[in-house]
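Student: One structure, pasted below without further comment.
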Amino acid sequence: MACFDLSREVGGLHCSVPQAGPLARTLLRVVGRVVIDAGTPGADPTLWQNTELTVLQWIKEAIKPLGYDVRPLPGSGRLEVPEPSSEWA
């Protein structure tokens, strides 16, 4: 939970570059989600697929304003990361 608390605090920082705060906040959320879902005693490994998709979507959303995207490596056999809004429809 410390990562989520810290991510809220980062939202209030006045960074020298406007994109820095949102990026840092998302990366902290990602760490928190992974730790909560996979890094605790008794964590259910069957949740990993959903956790991985969620954090990839968060990262994709965070880096898009910077001109980047999350894509699978050619030949990796991995699927494209869907836009977060496509999961809500």
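Student: Compute for the chain: radius of gyration divided by Kirkwood radius, i.e. Rg/Rh, restricted to C-alpha atoms, rounded to two decimals.
Tutor: With Rg and the Kirkwood Rh in hand, the quotient comes to 1.00.
Student: Could I ask something else about it? Which of Val35, Gly12, Trp48 sits farthest toward the positive end of the charge dipole of the chain, with +1 on the Cβ of Lys and Arg and -1 on the Cβ of Asp and Glu?
Tutor: Final value for the positive-end residue is Gly12.
Student: Once every DSSP H run of n ≥ 4 in the chain is given -39500 (n - 2.57) and the sum is divided by its residues, what mean residue ellipticity at 222 nm do you get, rounded to the nearest 500 deg cm²/dmol?
Tutor: After summing the helix terms and dividing by residue count, I get -17000 deg cm²/dmol.
Student: Separate question: Springs between alpha-carbon atoms under 10 Å, Gaussian network over the chain: tell me which of Gly21, Gly67, Gly32 tops the mean-square fluctuations.
Tutor: Gly67
Student: Still on this model: How large is the dipole of the chain about the Cα centre if only Lys and Arg carry +1 and Asp and Glu carry -1, each at its Cβ, rounded to the nearest 20 debye?
Tutor: That gives a dipole near 220 debye.
Each reported figure results from applying straightforward, stated rules to the coordinates on display, with no laboratory input. The structure presented is a predicted model; accordingly, all values stated were derived computationally and were not measured. Here the Cβ is made from the backbone with ideal geometry for all residues, glycine too, and neighbour counts use every protein chain on show.
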